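Below you'll find the structure, written out as C-alpha cells, and then a few comments.
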Amino acid sequence: MTDSAQPERRGGDRRQSDRRQGRPAVDESWFGALGDGDTGFQSDDVHDAPRPAAPDTRAPAAPDPQHDVQRQQTREARRVATSSDTALRRVFRTYVTARAVLGLLLALVPWVVTLPNVHNPLPLILLCLAYAAQSISLWMLSQVRADEPAPPMTRLGRRQWLATAGVDLLVFAALHLIDPGANLNFGALLVLPVLMSGVMTTRLVAAGTAAVVALVLLGGVWRTTSDLADGSVLLTQAGLAGIGVFMIALLASEFSGRLVREEMAARGSLEIARQQAQLNRLVIDEMTEGVLVVDRRARVRAANPAARALLVPSGLADAAPFPLHSRDAWATLQAAVERAFEQGSWPESARELRLMFDGGVSRTLQVRARFTRRRSLEREGAPPEEFCVVFLEDLHTVQARSRQEKLAAMGRVSAGIAHEIRNPLAAIAQANALLLEDVLSNDQLHLSRMVADNVDRLKRIVDDVMEAAPGAVGEHRVLDASAVVRNVCADWARTVQLPLDEHGRLQLDLPHAPLGVAFDPDHLRRVLINLLDNAHRHASDARGAIRVQLGANDEGAAVLAVASDGAAIGADVERHLFEPFFSTRSRGTGLGLYICRELCVRHGASIEFQPLDGGQRHRNEFRVTMQRAALAAQEAPSQA
C-alpha cells in the first residue's frame with residue numbers, strides 16, 4: 001500500500017473512533033453487526049428496564065441466557081467487521097511473542113552449560129544472550145507500535161523476515177552446529193523458522209529455508225560422526241528429517257495461501273454486506289411509512305424516524321431499543337403484536353389501531369405486519385427466533401393518498417365532462433324554455449318544471465367538477481378574515497331566514513380586531529357557506545346549535561371553526577368526508593367538502609374534521625387553518 005493511502009486510512013480510523021465515542025453505550029443486536037450505525041435507524045438490542053420518562057410498574061423480565069450469548073457473539077462480529085487486522089498479522093504477532101518467550105528460556109542456558117557433556121560454553125552463552133536480547137527488543141518494539149495503523153499483511157517483507165525467521169535460522173543453526181552431540185538438542189528449534197517461512201513468505205523462500213535447515217542437519221551429522229556405519233544411519237535420519245522439513249514448509253505454505261484467499265473473499269463479502277446494510281438503513285430511514293421490528297417479548301429492536309413520530313403525539317419517540325409496555329398509549333399496539341405472535345400470522349389486510357395519548361389526543365394507525373425468523377446463534381438444534389416487522393401509517397395519510405388517486409382520475413375526465421355535457425344541457429334548457437312559452441296543461445307544466453330543475457342541478461354538478469379540477473392556481477389576496485366571515489355569516493343568515501342574535505341558532509365568536517389572512521374572498525365565502533349549509537342541515541333547532549369561531553392558534557395561523565350539535569359523525573363516514581362524489585344524501589353531489597379542501601390547498605390552507613368529546617355539545621367541528629398575512633393600512637377600513 002502506498003504512503004499516500006495511509007493518511008486517508010488514519011483519517012477514516014479517527015472518524016470511526018469519533019463515531020464510536022459519540023454514540024451512547026447500548027446493547028448490541030443482530031442489526032448492528034454489519035452496519036456502521038450512522039443512520040437514524042437504530043439497530044441495537046433492547047433494555048428490559050423501563051425508560052425514566054415513562055416508568056414501568058410491571059415486574060422486570062427474567063434474564064435470557066440465549067440473549068446474552070447473542071449479544072456477546074454480536075460484539076465479536078462487530079469487532080471483526082470493523083477491524084483492519086488480518087489473520088497473518090495476528091499470526092505474526094503471536095510469532096514475535098513466542099520468540100520473546102523462547103529468548104527468555106534461552107537466557108537460562110548459561111545456568112545449564114555447567115552440566116556434563118556440554119562443550120564450548122562461551123559461544124553458546126553469547127548466542128543465547130544475543131538472541132534473547134534481539135527477540136525481546138523486537139517484541140517490545142511491536143508493543144509500542146501496536147496502536148499505529150498499518151497496511152493489511154499478506155506476506156512478510158524482506159526486513160521483517162530477516163529480523164525474525166532469518167535471525168532464528170542463523171542462531172538455531174549455529175547453536176546446533178556448535179556442539180551437535182550435546183544433551184541440549186537445539187536442532188528441534190529449526191522447525192520454527194521453516195514453519196513461519198511457510199506461513200508468512202512465498203513458497204520459494206519457504207523451500208529455500210527448508211533446504212538450509214536440511215543442510216544444517218546433514219552438516220551436524222557430518223561433524224560429529226567419524227564411524228562410517230554409524231554415520232550412514234545418522235545421515236539417513238538427517239535426510240528423512242530434511243524431507244520432513246520440506247513437507248512442513250510446503251504444507252504450511254499451502255494452508256497459508258488458502259487462509260489468505262478465504263479471508264480476502266470473506267472480507268469482500270463482508271464489505272458488500274455492510275454496504276447493503278447501510279443502504280437498507282438509509283432507505284428505511286427515508287420511508288414515510290413507519291417500520292418497527294418487535295420480538296416475542298414485545299420489545300422494539302429497531303424503529304425508523306417515521307415510526308417514532310407516529311408513536312407520540314408530537315415530536316419523536318426515544319430511539320430504539322424500548323419495550324412496548326413502557327407507555328400506556330401503546331397498549332393496543334402491544335396487544336395486537338402479542339396476539340399475532342400467538343396466532344402465528346397477520347391478516348393480509350391492514351388493521352386499524354387507535355393510540356390514546358394524554359390530554360384526550362388520539363391517533364388512528366393502519367398497521368400491517370410480517371414475520372421473519374433468524375437461526376439461533378447458540379446451537380444448531382435450537383428453534384429459530386421470530387421477529388415481527390410492523391408497518392405503521394397514519395390513517396389520515398392513507399385517506400389523503402386515496403383522495404389524491406381519485407383526484408388524479410377525476411382530473412383526466414373533468415374537462416371532457418364539461419365540454420360534453422354543457423352543450424346538450426344548453427340545448428335541453430333552451431328547448432324547455434320554448435315549451436314554457438306555450439300554453440301548457442298542469443301536468444305538462446309540472447313536467448317542464450321538473451326538466452328545468454334537473455337541468456339546473458346538472459349545471460351545478462358540472463360547475464362543481466370544473467371548480468375542483470386539479471391544476472388551478474388560486475390568486476392570493478390579503479384580506480381581513482374577521483370582516484369577511486362576519487359579512488358572509490350575515491348574508492347566509494338572511495338567506496336561510498335565521499336571526500343573527502344571541503337567541504338564534506347561529507352564534508358568532510369573532511375577534512373585533514382585523515385578522516389578516518392570505519385567501520381569495522370569493523373562495524373563502526364558498527368554503528364558509530358550504531360548512532354553514534352542512535351545519536344547518538344536521539344541527540338541532542336549539543339556540544346556539546351552530547357556532548362559528550375565528551382566532552389565531554399557538555403556531556400563529558388563523559383558524560376558522562364551524563361546529564354543530566348534530567349527531568356525531570361515525571368513523572365509517574368520517575374517513576370519506578373529503579372524498580369526491582361521496583354523499584350521505586340521495587340528491588347530494590358529494591363535491592361540497594371536496595371542493596372546500598381543494599380551494600384551501602390552492603391558498604396554502606388546510607381543512608379537517610375534528611370530532612370532539614361526547615360530553616361536549618358541539619360534537620362535530622370543521623377547522624380551516626389559514627396563513628396569516630399583514631393587512632395594509634387602507635385595506636382594513638375598506639373591508640370592514
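The values are calculated or read from the model by the stated rules, or taken from the named source; none is laboratory data. Model, not experiment: these values are computed from the prediction. All Cβ positions, even for glycine, are placed from backbone atoms using ideal geometry, and neighbour counts span all protein chains on display. Note: areas computed on protein heavy atoms with side chains; ligands, DNA, RNA excluded. Shrake-Rupley method; radii C 1.70, N 1.55, O 1.52, S 1.80 Å.
List of remarks:
- Restricting attention to the stretch 275-298, the residues being closer than 23 Å to residue 323 by Cα and either in contact (Cβ under 8 Å) with a residue 60 or more places away in the chain or part of a strand (DSSP E or B) (or both) number 13.
- Residues satisfying the stated conditions in the stretch 237-252, i.e. of a type outside the set (A, V, I, L, M, F, W, C) and open to solvent by 10 Å² or more (accessible area, probe 1.4 Å): 237, 239, 244
- Residue within the stretch 583-596 that is of a type in the set (A, V, I, L, M, F, W, C), surrounded by 15 or more Cβ atoms within 10 Å (Cβ to Cβ), in contact with an Asp or Glu (Cβ under 6 Å, 6 or more places away or on another chain) and in a helix (DSSP H, G or I) present: yes
- Of all residues in the stretch 124-166, those satisfying the criterion of being farther than 15 Å from residue 92 by Cα, outside any loop (DSSP other than H, G, I, E, B) and either open to solvent by 50 Å² or more (accessible area, probe 1.4 Å) or at pLDDT 80 or above (or both) are 126, 127, 128, 129, 130, 131, 132, 133, 134, 137, 144.
- Check on residue 372, at pLDDT 75 or above, assigned to a strand (DSSP E or B), under 24 Å from residue 394 (Cβ atoms) and in contact with a strand residue (DSSP E or B) (Cβ under 8 Å, 6 or more places away or on another chain): no
- Of all residues in the stretch 188-226 being open to solvent by less than 50 Å² (accessible area, probe 1.4 Å) and among the hydroxyl-bearing types (Ser, Thr, Tyr), the one that is nearest to the chain's Cα centre (by Cα): 201
- Scanning the stretch 299-317 for residues that are in contact (Cβ under 8 Å) with a residue 12 or more places away in the chain and either surrounded by fewer than 18 Cβ atoms within 10 Å (Cβ to Cβ) or in a helix (DSSP H, G or I) (or both) yields 305, 306, 307, 308, 309, 310, 312, 313.
- Selection status of residue 337, over 30 Å from residue 207 (Cα atoms), open to solvent by less than 10 Å² (accessible area, probe 1.4 Å) and either part of a strand (DSSP E or B) or not small (Gly, Ala, Ser) (or both): yes
- Meets criteria (of a type in the set (Asp, Glu), modelled with pLDDT under 80, surrounded by 13 or more Cβ atoms within 10 Å (Cβ to Cβ) and in contact with a Ser or Thr (Cβ under 9 Å, 6 or more places away or on another chain)) for residue 394: no
- Matching option when the condition is buried (at least 16 other Cβ atoms within 10 Å of the Cβ) and not hydrophobic (A, V, I, L, M, F, W, C), among 499, 514: 514
To keep it simple, each residue is scored yes or no on (1) in contact with a strand residue (DSSP E or B) (Cβ under 8 Å, 6 or more places away or on another chain); (2) at pLDDT below 70; (3) assigned to a helix (DSSP H, G or I); (4) not charged (D, E, K, R).
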{"position": "443", "(1), (2), (3), (4)": "no, no, yes, no"}
{"position": "449", "(1), (2), (3), (4)": "no, no, yes, no"}
{"position": "452", "(1), (2), (3), (4)": "no, no, yes, yes"}
{"position": "457", "(1), (2), (3), (4)": "no, no, yes, no"}
{"position": "461", "(1), (2), (3), (4)": "no, no, yes, yes"}
{"position": "465", "(1), (2), (3), (4)": "no, yes, yes, yes"}
